[in-house]
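K.L.:
Quick one: structure below, then a few questions.
Please treat every number below as a calculation from the coordinates, not as lab data. Source: prediction; values computed, not measured. Glycine also receives a Cβ, built like all others from the backbone with ideal geometry; neighbour counts cover every protein chain displayed.
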Amino acid sequence: MELNVNGKPQNYGGEPDRPLLWVLREDLGLTGTKYGCGVAACGACTVLIDGQPQRACVTPVSAVAGQKIVTIEGLDSKAGKAVQQAWTELDVVQCGWCQSGQIMTATALLTEKPQPSPDEAKAGMDTVLCRCGTYQRVNAGVARAAEILKG
Ligand code: FES
Ligand code: FES
């Protein structure tokens, strides 16, 4: 089957029900997407599928054939760049394990709604867990990225 990962075509000839997370990390070497729980509970493995956040640990690779898969390595949309700038400015990251999931989720949120209310931003970001407790900085990062997007 043909996959489109970060704008590049990739031929995949393995098991169709292999989780996308392992195709990305092990087959394609895109290790920026992390494994946290394996059961769609933590959000560490979030990638964008046709712009929507999706948990790669429970997504069979066959389900995303022909769709646009974007990982943290290929995140270069306007919202994605604003989020990465905000994350750097505010030094959001602690250990980093959850952060590609945080960044992908924030990007999807701000792509859909570039100026979310604080409650909307918090509700969107509450779906990704952080063992280091960076939640306040994550929320500040989303607010700063929204400011950057406003210009
Ligand atoms: S590793 Fe996929 S949601 Fe936790
Ligand atoms: S920064 Fe360590 S788990 Fe979130």
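K.L.:
Using Cα-Cα distances under 8 Å and only pairs 6 or more residues apart, what relative contact order does segment 1-49 have, in percent? Before the final figure, lay out each step's value.
P.N.:
On the way: 34 pairs, mean separation 9.7, N = 49.
So the answer I get is 20 percent.
K.L.:
Using each residue's phi in segment 70-84, evaluate 6.51 cos²θ - 1.76 cosθ + 1.60 at θ = phi - 60° and report the 3J(HN,Hα) Karplus result to the nearest Hz, with x for Gly and Pro.
P.N.:
Karplus values, whole Hz, x for Gly and Pro: 10, 10, 4, 5, x, 7, 9, 6, 4, 5, x, 5, 5, 5, 5.
K.L.:
Residues in segment 1-39, backbone N under 14 Å from the label point at V58 (7 Å along the Cα-to-beta-carbon vector): list them, ranges by number please.
P.N.:
It comes to 19-21, 36-39, nothing else.
K.L.:
Only helical DSSP H runs with n ≥ 4 go in: add -39500 (n - 2.57) per run for the chain, normalise by residue count and round the 222 nm mean residue ellipticity to 500 deg cm²/dmol. Before the final figure, lay out each step's value.
P.N.:
On the way: 4 runs with 51 residues, N = 151.
Result for the chain, helices only: -10500 deg cm²/dmol.
K.L.:
How many percent of all Cα-Cα pairs in segment 78-150 sit more than 20 Å apart? Display every interim value, and only then the final one.
P.N.:
Working: 370 of 2628 pairs.
So the pairs more than 20 Å apart make up 14 percent of the total in segment 78-150.
K.L.:
Per q in 0.20, 0.22, 0.28 Å⁻¹, report the Debye log10 I(q)/I(0) for segment 2-74, using one uniform scatterer on each alpha carbon and no solvent.
P.N.:
-0.73, -0.90, -1.56
K.L.:
Can you list which of the GluC sites (Glu not before Pro) found in segment 84-131 are DSSP loop residues with at most 10 other C-beta atoms within 10 Å? Numbers along the way, then the final one.
P.N.:
Numbers: sites: E89, E112, E120; in loops: none.
Taking segment 84-131 and a limit of 10 other Cβ atoms within 10 Å, no loop GluC sites (Glu not before Pro) are found.
K.L.:
Relative contact order of the chain: what whole-number percent is it, with Cα pairs under 8 angstrom and at least 6 residues apart?
P.N.:
Details: 261 pairs, mean separation 37.6, N = 151.
For the chain, the relative contact order is 25 percent.
K.L.:
Taking 0.36 nm per intervening residue step and subtracting the Cα-Cα distance, what contour gain separates W97 from E73 on full extension?
P.N.:
That works out to 7.2 nm of additional length.
K.L.:
Cross-link partners among lysines for K122, C-alpha distance below 23 Å, same-chain residues fewer than 8 apart left out?
P.N.:
Partners within reach: K34, K78, K81, K113, K150.
K.L.:
Using alpha carbon centroids, what distance separates segment 10-75 and segment 119-133, in Å?
P.N.:
20 Å
K.L.:
Over the chain, what portion of Cα pair distances is larger than 22 Å, expressed as a whole percent? Write down the numbers at each step before the final one.
P.N.:
Values: 3990 of 11325 pairs.
The answer is 35 percent, as a whole percent.
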